[in-house]
Amino acid sequence: SKHSSLVLTVEGVDKSFDGFKAINDLNFYLEEGELRTVIGPNGAGKSTFMDLITARTKPDKGKIVFHKSDAENIDLTHVREHKVSQLGIGRKFQNPTVYRSHTVYDNLKLSLAGERGLLHSLFYKESKEDREKIYDVMKTIRLEDSADIMAGALSHGQKQWLEIGMLLAQDPRIMLVDEPAAGMSDEETERTGELLLSLRGKHSLIVIEHDMEFVRQIASRVTVLHQGHVLKEGTFEFVKSDPQVIEVYLGR
Ligand code: ADP
Ligand code: MG
């Protein structure tokens, strides 16, 4: 059935802060392996939406269900934040938070150890499989020649990629990525688009983005949030020419 290919279902979710409805009857469905872009003006509720999926914030009403397998549907509104990442839902915040005084390799190793509950442990002795995995990730994020470089010495773009790599080291089913191209050069932005596109299929991704050129490049299905509600959903070409979308977002 169509339903069995969904990896995430958000139904009828509300969230208010001091009487202000930041999220208002939000409905959202993510297909397994999909790359979805979420756009919307400042204050539309994009970050709150991610906070809700990662159980950082609890909804006032509604359901957020992670379809882990055919037999296992987990209501994320009843799960604690640190458990959500263990379930396979990883989040990358806007500003990269790499360990600046550790190498690229060790950052990835720390992330892998962290997933196993061995937080910040450089004493973690990685297996051959772990090492292969770390090298695979370094290849994916195009830092395979920078294993011994201190993360603090990387460019802004490379730090962002390393942080995406740190998520990848934990094998997430769902990846939430907040403005991955912010502050990047045109070339870095294009590479980031290529990276995210290469993750499709193996992972399901939700990407929050402001840069319309970038949204056009990754050409995924786009969800337009406005006042905590889905205003429009469809291809980039479809939403960008929608009069309501132009009015609230593109035509500012
Ligand atoms: P976006 O990420 O799309 O810019 P946010 O999700 O950050 O939007 O915010 C949506 C609305 O909710 C904004 O009006 C914001 O001021 C409000 N909001 C978000 N978090 C809080 C909070 N913890 N307390 C009070 N208001 C909040
Ligand atoms: Mg935000």
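The values are calculated or read from the model by the stated rules, or taken from the named source; none is laboratory data. Worth saying up front: this structure is predicted, and the values here are computed from it rather than measured. In this analysis, Cβ positions are derived from the backbone assuming ideal geometry, glycine residues included, and neighbour counts consider all displayed protein chains.
Structure above, values below:
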| read-out | value |
| --- | --- |
| Residue satisfying all of: in the range 3-41; in contact with an Asp or Glu (Cβ under 9 Å, 6 or more places away or on another chain) and at pLDDT below 95; nearest to residue 224 (Cα to Cα) among these | 39 |
| Leading residue by the ranking (modelled with the lowest pLDDT) among those in the range 42-75 that are among the hydroxyl-bearing types (Ser, Thr, Tyr) and over 13 Å from residue 225 (Cβ atoms) | 69 |
| Condition check for residue 20: surrounded by fewer than 17 Cβ atoms within 10 Å (Cβ to Cβ), more than 14 Å from ligand 2 (Cβ to nearest atom), over 28 Å from residue 213 (Cβ atoms) and among the hydrophobic types (A, V, I, L, M, F, W, C) | yes |
| The range 10-67: number of residues that are assigned to a helix (DSSP H, G or I) and either charged (D, E, K, R) or without any contact (Cβ under 8 Å) to a residue 40 or more places away in the chain (or both) | 2 |
| Filter result for residue 113 (away from ligand 1 (no atom under 16 Å from the Cβ), modelled with pLDDT of 95 or more and more than 18 Å from the chain's Cα centre (by Cα)) | no |
| Residue 83 in contact (Cβ under 8 Å) with a residue 24 or more places away in the chain and assigned to a strand (DSSP E or B) | no |
| Pair list, Cβ < 8 Å and 6+ apart or interchain, from the range 200-223 residues that are in a loop (DSSP other than H, G, I, E, B) to residues that are within 16 Å of ligand 1 (Cβ to nearest atom) and of a type in the set (Val, Ile, Thr) | 209/37; 209/38; 209/39; 209/215; 210/39; 220/37; 220/207 |
| Counted residues, the range 32-51 - those being within 14 Å of ligand 2 (Cβ to nearest atom) and within 16 Å of residue 173 (Cβ to Cβ) | 1 |
| Residue within the range 153-165 that is charged (D, E, K, R), away from ligand 2 (no atom under 16 Å from the Cβ), surrounded by 14 or more Cβ atoms within 10 Å (Cβ to Cβ) and in a loop (DSSP other than H, G, I, E, B) present | no |
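Every residue, every condition in (1) modelled with pLDDT of 90 or more; (2) within 16 Å of ligand 2 (Cβ to nearest atom); (3) surrounded by fewer than 21 Cβ atoms within 10 Å (Cβ to Cβ), yes or no:
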{"residue": "187", "(1), (2), (3)": "yes, no, yes"}
{"residue": "197", "(1), (2), (3)": "yes, no, yes"}
{"residue": "201", "(1), (2), (3)": "yes, no, yes"}
{"residue": "204", "(1), (2), (3)": "yes, no, no"}
{"residue": "231", "(1), (2), (3)": "yes, no, yes"}
{"residue": "235", "(1), (2), (3)": "yes, no, yes"}
{"residue": "240", "(1), (2), (3)": "no, no, yes"}
{"residue": "250", "(1), (2), (3)": "no, no, yes"}
